[in-house]
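Worksheet: the structure to be examined is printed underneath.
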Amino acid sequence: MLAASCSKDAAESRANPATTTIVGSTDTDNQPPGSGKCDDTDAAACLLPWPSDAYTRNDSTTQTLRRVDIPSDATPANVAGGHIDPKEWNRNDGFSPSSIGLTVVPGIDLVASKLPPQTDIARSLAADSNLVVVDTSDSQRVAAWAELDPGVEDPQQALLRIVPAVALPEGHRFAIALRGLKRADGTAIGRSAGFAKLMAHPTSTQRGWLQAVESAIPAPQLDLAWAFTIGSGDDLSGRLRHMWTETSTELGNGAPAFSIESADVAGPARIIRGSFEMPNYLQGDGGPGSVMNNDGDPMGIPTRNGTMSDAFICVMPAGASGDAPVPVVLYGHGLLGSRAEVLDIGVTGAAAGVGFCAVDFLGMSTADVPSVLSQFSDLAQFRATADRLQEGQLGVLLLGRLLASSKGFATDAAFRDDVGRSVIDPARLSLLGASQGGILGGVASSLTNDWNRVILAVGGLGYNLLLGRSVDFDEFLVPFVKNYPSALDRALALELIEQLWQRGENTGYAQHLTKDPYDTRSGPSTVLQLEAFGDHQVANVATEKLARTLGIGRRAPTLAAGRSTDVQPFFGIDPIQSLPSSGSGLVVWDFDTPAPPASDTPNRAGDDPHGKLGDVPQALAMVLAFIQPDGKITDVCGGEPCHTPG
């Protein structure tokens, strides 16, 4: 790293590639805060291309040796003229693993430019690909696809999106490179004036990452290239890991204080309502709109601010006995929903001898809806969603502890049989996150030893990839467009908010869920992912991006021949060799919904299959088999693609 900060001539750089690919965007040490500048390789906007190490400064106190330094007047402004204050963003030491590359290429035609589309991701790894995403530390290529932002109608302002097919490893530096860019009539677009200047007079740092780029695309062929650093583990998950480490150390093998408000029998179920106390790491009372109590800490590590109450609902089999304690599933609710969603699946589970418990995902629950709507009118407020969501994840972790500890729910009569024995089997604790719960459910699961079996149903990662492809975003798009009328500003704004959202959703944690576990855990989790083909609400590409990031296989045969429009369906997700399988895996279910569009738009064709898996007995049987301590992914589809006629 020291070597990277020193000037080198081109010959030495070529001879010693390992010393020229360390993070850093300038050759100036000790850049002061507030010195961030525009990247002049794209004249369309100060923050283009995005992301770029041009918007960082040197900082020897971070793991990446970088600190994000976005100019305050460069962020999108709403109709009232208020720019998004970058203060919270500038605590980061890099960019999101789910970052999407953005750049304006006037008049570009993707077909004429031979850029790999979403339906042919593998083409991006070909030797002659006109799009390259490369890890500058080892020149390894990363699969990606190119698409145009459909919100930008003027072809002279065409916004090109480069979407990596996997979450990029934390702390690594990447470069995006393009060549052969053409208009529809076949004429070449060529280099921008800013990029021509960079190529004529690169700094020593730029020569470093250009060397990695040139391993795939010779310098004379480059039309545009830029580099950026992914945030470190401390940056992405450090706040919540601190909160959980401090809380779990204080608890030891115990559990937080709790109270039971009611325990009522309804058919096969005992419905238990109550609340527990948890540390409050938010300012004030921790209610909707609250932000973390971390002002003044450069990395944003919060300080405990007393306690707050978190409410729960558990649905247990009414006839459960201590002779045969039951498995319990922590349930993660859907988009801006609540713990009450556990009631339906809980009653079904109770009839099958399984308990379910849930809390609200604070920050993204029904109580937060007014705050979230307000934020899309003024995204300077968005920090509240990301901060309160991490407090909500702490609530999920503590609900799990209450179920796993002999000093938790097991001590209360509501969770005991008629002779006073606990009906909870702590060895069969798991998590099922559905929809939003499948986007958030990998977070708490990556931090605890209280459960290690995880079902992420119709979920994914990266809200910046999900929102434009989801019908659920329609209602938020109205205030968003009204207050940010520029499509280019909206695209940049969605990328900006992902840089904070990652702290509480799968993006910031997935790399440690099935492998490379955090030091708070004794081993990785086993994950069952479920996808509804053609999903209108959570795009299949986000589900499959999560699967690639987790490094898991897929049940095969996955889809019937001809159902997918991809050249190589499920690229990068290898078939599971045989079932039953004791490992992790992706299972795709087909309800005859048309294939999704290959663009940043929602699937609106046919019936939305998003919520249909809960009504399929075979899928429920598969989940029940998976949540056992020695659970496996079983073949419930008779060796054929899993299909329920629409």
I'm told residue 591 meets every condition in (1) crowded, with 21+ Cβ neighbours inside 10 Å; (2) among the aromatic types (Phe, Trp, Tyr); (3) more than 19 Å from residue 528 (Cβ to Cβ) except one. Can you identify the failing condition by its number?
(3)
Would you mind stating whether residue 153 is part of a strand (DSSP E or B) and farther than 16 Å from residue 226 by Cβ?
no
Taking the stated definitions as given, is residue 363 buried (at least 22 other Cβ atoms within 10 Å of the Cβ), among the small types (Gly, Ala, Ser) and in a helix (DSSP H, G or I)?
no
Could you check, for the stretch 520-527, whether at least one of its residues is closer than 26 Å to residue 160 by Cα, touching a helix residue (DSSP H, G or I) at 6+ places or on another chain (Cβ under 7 Å) and not aliphatic (A, V, I, L, M)?
no
Go through the stretch 145-169 and report how many residues are among the acidic types (Asp, Glu) and under 22 Å from residue 121 (Cβ atoms).
2
Among (1) hydrophobic (A, V, I, L, M, F, W, C); (2) touching a residue at least 60 places away in the same chain (Cβ under 8 Å); (3) in contact with a Leu (Cβ under 8 Å, 6 or more places away or on another chain), residue 369 falls short only on (2)
Yes/no for residue 350 being of a type in the set (A, V, I, L, M, F, W, C), assigned to a helix (DSSP H, G or I) and crowded, with 23+ Cβ neighbours inside 10 Å
yes
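Per-residue answers, yes or no, for (1) farther than 20 Å from residue 232 by Cβ; (2) without any contact (Cβ under 8 Å) to a residue 12 or more places away in the chain:
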site	(1), (2)
90	no, no
98	no, no
103	yes, no
128	yes, yes
132	yes, no
139	yes, no
163	yes, no
The lone condition residue 557 fails out of (1) touching a helix residue (DSSP H, G or I) at 6+ places or on another chain (Cβ under 8 Å); (2) in contact (Cβ under 8 Å) with a residue 60 or more places away in the chain is (1)
Extreme residue, nearest to residue 160 (Cα to Cα), among residues of the stretch 180-209 that are surrounded by 19 or more Cβ atoms within 10 Å (Cβ to Cβ) and of a type in the set (A, V, I, L, M, F, W, C):
181
Take residue 212 and tell me if it is of a type in the set (Gly, Ala, Ser), outside any loop (DSSP other than H, G, I, E, B), surrounded by 19 or more Cβ atoms within 10 Å (Cβ to Cβ) and in contact with a helix residue (DSSP H, G or I) (Cβ under 6 Å, 6 or more places away or on another chain).
no
Filter result (in contact with a Ser or Thr (Cβ under 8 Å, 6 or more places away or on another chain) and not hydrophobic (A, V, I, L, M, F, W, C)) within the stretch 239-255
241, 245, 248, 253, 254
Failed item, numbered, when residue 85 is tested on (1) farther than 22 Å from residue 386 by Cβ; (2) surrounded by fewer than 18 Cβ atoms within 10 Å (Cβ to Cβ); (3) acidic (Asp, Glu)
(1)
Out of 430, 435, 446, 422, which single residue is at pLDDT 95 or above, within 30 Å of residue 377 (Cβ to Cβ) and out of contact with any Asp or Glu (no Cβ under 8 Å at 6 or more places or on another chain)?
435
Listing of helices (runs of 4 or more DSSP H) fully contained in the stretch 387-503 that carry 3 or more residues being surrounded by 22 or more Cβ atoms within 10 Å (Cβ to Cβ)
436-445, 463-466, 487-501
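The values are calculated or read from the model by the stated rules, or taken from the named source; none is laboratory data. All of these numbers come straight from a predicted model, not from anything done at the bench. A quick note on method: Cβ atoms are made from the backbone with ideal geometry, for glycine too, and the neighbour counts reach across all protein chains shown.
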